[in-house]
Amino acid sequence: MRVDRRTTLKWLAAAMAAAHAGCTSKEKYLGDEIPAAPGQLLGTAALPAKVGYGTDIDLMNPTVPWPRTMTEAQLRTASALCDLIVPEDERSPAASAVGVPDFIDEWVSAPYPAQQSDRETILGGLEWLEQQSRDRFGSGFADAEDRQQAELLDRMASSDVAKQVEFFERFRFITVGAFYTTEEGMKDVGYIGNVAIHSEYPGPSDEAMTHLAGVLEQLGLQLPA
Amino acid sequence: MQERYDAVVVGSGAGGAMAAWVLASKGLRVLMLEAGRHYDPYKETPMFARNRDAPLRGTGTPDKEFGYYDATIDGGWQVPGEPYASAPGSEFMWWRSRMLGGRTNHWARNSFRMGPYDFKPYSRDGLGVDWPIEYEDLAPWYDKTETVVGVYGRNDGLDNHPDSSPGVLHKPPAPRVGELLIQAACNELNIPCVPARRAVLTRPIGNRSACFYATSCGRGCAIGAAFQTTTSLIPMALATGNLTIVTDAMVYEVRLNDAGKADGVGYVDKKTGKHEAAFGRSVVLAASAGETARILLNSKSESFPDGAANSSGQVGRNLMDTVGAAVSAQFPVLENRPVYNEDGAMGMHVYIPFWLYKEQARGELDFPRSYHYEFGADGRGEPGMGIGHVAGFAGGYGSKLKEDMRRYYGSFLDFVCRGEMIPNANSRCEIDPDNKDTWGIPTLRFHFKWSEHELNMVRHFQAATKEIIERLGGKLQSGDVAPEQAISKGGQIIHEVGTTRMGDDPDTSVTNQYGQSWDIKNLFVTDGGVFASKAHKNPTLTIMALSWRSSDYLAEQLGKRNL
């Protein structure tokens with residue numbers, strides 16, 4: 001589906017419903033700030049392909065057969081958001097530095113039902129986020145100050161509006177999955193497998209066994225023979 | 001004039017490849033028909049390929065349900081052009097794989113022997129039926145099968161979990177941290193937690209290498225360590241010079257001659273769409289419990305108006321699947337633990353076999369059959385999209401989230417129930433009067449219902465699991481729901497068996513103890529269809545042991561010209 005007026009209106013309706021339900025001042029604030037007739041601030045994504053990779057694939061040469069569909073503006077907003085979720089630190093780079101925005105585009109452009117459902121959530125959510133930022137701060141989300149981006153994210157993450165939480169959680173799920181499957185992400189989280197061992201499987205390292213022994217002692221359990 | 005083979009074998013999975021190899025080894029001329037395409041695991045297995053190099057990071061889709069790299073071709077819960085249906089009020093899931101080697105290319109390799117109680121369940125609790133054989137009848141073939149297949153495990157002398165003969169088993173891999181943790185709790189709780197048995201080599205057999213402890217078995221194994229027929233039984237059978245394989249051959253009927261014997265099968269050549277026939281002195285059906293029943297039910301004739309080999313009316317009945325349920329938990333004691341390579345043999349290294357047979361015999365349990373535990377304890381396996389759930393557990397975002405990911409990754413353990421279903425009148429398959437596949441072959445319609453026996457078993461599993469989790473200070477994450485919600489859907493565990501069950505009585509069974517049709521002497525079934533009961537043990541090893549035993553008998557009978 002396109003993120004069209006219909007989708008944006010669904011988002012609007014969800015926020016309005018929450019506002020009318022009374023809830024907290026936070027929801028009221030967010031609901032009130034949504035203008036009556038939202039426009040296409042981030043542009044309209046291209047239509048996704050209808051056909052996937054099929055049931056008999058050349059597994060030795062994996063390729064993504066469907067084209068990306070997000071607009072430049074959507075990608076910019078997504079990039080800013082995924083870097084808030086996975087920022088650079090001393091152990092690993094930020095999400096955008098290892099291609100996560102492009103993967104989000106790959107994901108929401110896929111023709112399968114689960115990804116199409118995420119497409120509605122994510123593209124609708126990005127549009128909504130952009131609108132919130134412009135209304136509140138007078139600039140688009142990607143160009144807002146860090147503090148302002150964080151403020152919006154905090155409100156969204158802890159919102160009582162199901163749609164906002166769903167957007168945040170799905171976006172985080174995809175961002176985290178995309179990031180920790182990269183070389184940099186696997187290294188960060190401590191995955192060191194996928195290496196052929198031409199001897200018996202050595203089992204846990206000495207360090208891991210020492211840690212386990214401590215844990216078992218704490219639990220009052222014996223280390224298995 | 002087409003060649004007339006000694007045996008036409010339908011299917012190239014566990015039951016078919018074993019039959020083909022045994023028969024070809026005895027000098028018999030064998031034709032194997034496979035409904036899917038040719039498959040070469042040496043050239044087509046994406047060993048070591050990273051999730052990030054696959055579309056959607058390898059996530060499962062309707063095209064590839066178990067993930068992009070899964071060794072399933074033209075298969076899954078739906079096969080293009082080959083539909084099936086569930087009757088109103090039922091939901092049955094039917095996994096097929098249209099490729100040489102069938103589902104053996106991707107299976108979990110869990111390989112447990114059925115035990116003495118498993119062959120005589122009716123005698124034990126008055127439910128279902130007994131098998132026409134007892135454990136001792138099959139034990140020599142279990143030894144032979146495990147020797148050829150290669151199974152790691154340990155003889156623990158446990159009730160109803162038979163030991164293998166000395167020297168048969170391969171040394172099991174060392175347990176991982178999560179497995180040791182579970183083992184420690186089980187030792188205190190008097191629950192056995194012992195080395196698992198999996199069809200994975202830890203010492204080489206011929207040109208099949210020992211496991212090198214990397215790259216998922218579900219993708220298939222190009223070094224031959226994880227057993228699949230395409231790196232073992234099929235090449236071995238071809239090496240005899242007595243096996244011919246025709247792929248893309250969708251068998252739809254058993255052909256009968258005027259004497260009422262099978263003279264071959266009819267099939268559609270999927271490449272041309274033409275109907276063809278293959279001829280043999282005997283026919284061996286090993287197309288899977290569902291597909292074999294479908295072929296028989298579609299083989300209608302004057303002498304068999306309800307389908308070939310179905311004078312008992314039992315073809316398609318007694319459909320069983322394994323009882324599945326799962327509970328997962330997070331363990332604070334596993335947070336921030338030291339990094340090491342936790343891939344191991346990819347599947348589980350230890351498991352919990354059923355341990356309450358005595359209590360059950362004394363009537364202390366509210367369910368009559370048994371289950372075992374499987375574990376997902378390689379918590380530090382290669383990240384896939386599922387790692388997003390760790391972020392969901394941690395909550396938040398930013399630098400704190402990155403710290404939490406390091407903290408929580410590898411702190412989750414999955415406890416999985418695999419239990420025995422008792423056959424019931426509500427679980428069966430039949431020909432769908434309203435539907436045909438793309439080749440014009442009438443399709444199957446499934447009926448399926450669990451009974452209170454299975455639901456009570458799941459409830460017991462949940463309670464026992466909570467006890468283990470609590471002892472380890474774990475926090476339940478999922479699976480703590482009513483048994484009706486927790487139990488798997490019929491077929492979902494992909495252990496469907498029973499549709500052409502063996503027995504002692506031609507009125508209540510389809511075959512005798514050798515998988516030989518009571519009605520058609522030269523027609524044999526060597527897939528899971530012949531199971532008279534569905535022990536909690538994963539069926540593939542038993543399918544192969546039975547297939548070997550049946551094939552020995554078939555060869556002997558052919559030699560004596562008794563067929």
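The values are calculated or read from the model by the stated rules, or taken from the named source; none is laboratory data. Just so it is clear, the model here is predicted, and its values are computed rather than measured. All Cβ positions, glycine included, derive from the backbone under ideal geometry; neighbour counts span all protein chains shown. For accessibility, only protein heavy atoms count, side chains too; no ligands or nucleic acids. Shrake-Rupley method; radii C 1.70, N 1.55, O 1.52, S 1.80 Å.
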What spacing in nm lies between the two simple spin-label points modelled at residue A:148 and residue B:482, each 7 Å away from Cα in the Cβ direction? 5.1
Using the per-residue mean of other Cβ atoms lying within 10 Å as a proxy for protection, in what order, highest first, do the peptides A:195-208, B:278-291 fall? B:278-291, A:195-208
First measure r as the distance between the Cβ atoms of residue B:276 and residue B:303, then evaluate 1/(1 + (r/R0)^6) with R0 = 25 Å and state the FRET efficiency to the nearest 0.05. 0.60
How much of residue B:213 can a 1.4 Å solvent probe reach, expressed as accessible area in Å² and rounded to 10? 10
The ³J(HN,Hα) series, computed from each phi in region B:394-405 with the Karplus coefficients 6.51, -1.76 and 1.60 at θ = phi - 60°, rounded to the nearest Hz and given as x for glycine or proline, is 5, x, x, 6, x, 4, 4, 5, 5, 5, 5, 4
How large is the convex hull of the Cα atoms of chain B per residue, expressed in Å³ as a whole number? 148
FRET efficiency, 1/(1 + (r/R0)^6) with R0 35 Å, evaluated for residue B:507 and residue B:561 via beta carbons: 0.80
Computed E for residue B:359/residue A:135 - FRET, C-beta separation, R0 56 angstrom, nearest 0.05: 0.25
Rounded D (µm²/s) - region B:28-71, Kirkwood Rh over Cα pairs, Stokes-Einstein at 4 °C, 1.567 mPa s: 102
Check which residues have an amide H placed less than 5 Å from residue B:251's amide H, if you skip close sequence neighbours. B:268
So what's the gap between the Cα centers of region A:43-62 and region B:281-346, to the nearest angstrom? 31
Applying the Karplus parametrisation 6.51 cos²θ - 1.76 cosθ + 1.60 with θ = phi - 60° to the phi angles of region A:118-126, what ³J(HN,Hα) value in whole Hz is obtained for each residue in order, glycine and proline being reported as x? 4, 4, 5, 4, 6, 5, x, x, 5
Can you give the mean number of other chain Cβ atoms that lie within 10 Å of the Cβ atoms in peptide B:390-399? 6
Over all alpha-carbon pairs in region A:106-225, figure out the percentage whose distance exceeds 17 Å. 72
Peptides ranked, highest mean first, by Cβ atoms within 10 Å: ranges B:511-520, B:162-171: B:511-520, B:162-171
For region A:144-206, what's the radius of gyration and Dmax over Cα atoms, in angstrom? 18.9, 55
Heavy-atom accessible area of the protein assembly as shown with neighbours in place, 1.4 angstrom probe: carbon+sulfur share in percent works out to 49
Counting only other chains, what is the mean number of Cβ atoms within 10 angstrom of the Cβ of each residue in peptide A:183-191? 6
Name the long-range amide H neighbours of residue B:534: under 5 Å, sequence gap of 5 or more, or other chain; modelled H, no Pro or chain starts. B:421
Per chain B, cysteines lacking a partner by the 4.7 Å Cβ criterion: B:211, B:217, B:221, B:417, B:429
Indicate the gyration tensor shape class of region B:133-247 (rounded, prolate or oblate), computed on the Cα atoms with a ≥ b ≥ c the square roots of the eigenvalues: a/c under 1.5 is rounded; otherwise a/b larger than b/c is prolate and the rest oblate. oblate
Through the Karplus equation 6.51 cos²θ - 1.76 cosθ + 1.60, θ set to phi - 60°, convert the phi angles of region A:94-99 into ³J(HN,Hα) values in whole Hz; use x for Gly and Pro. 6, 4, 5, 6, 10, x
Descending semi-axes in Å of the protein assembly as shown, equivalent ellipsoid built from Cα gyration tensor: 49, 31, 25
Ignore the peptide's own chain and count Cβ atoms of other chains within 10 Å of each Cβ in B:170-183; give me the average, rounded. 4
Looks like region A:60-111, by Cα gyration tensor root eigenvalues a ≥ b ≥ c and the a/c under 1.5 rounded cutoff (else prolate when a/b is bigger than b/c, oblate otherwise), is oblate
For region B:84-203, shape from the Cα gyration tensor axes a ≥ b ≥ c, cut at a/c of 1.5 then a/b versus b/c, turns out rounded
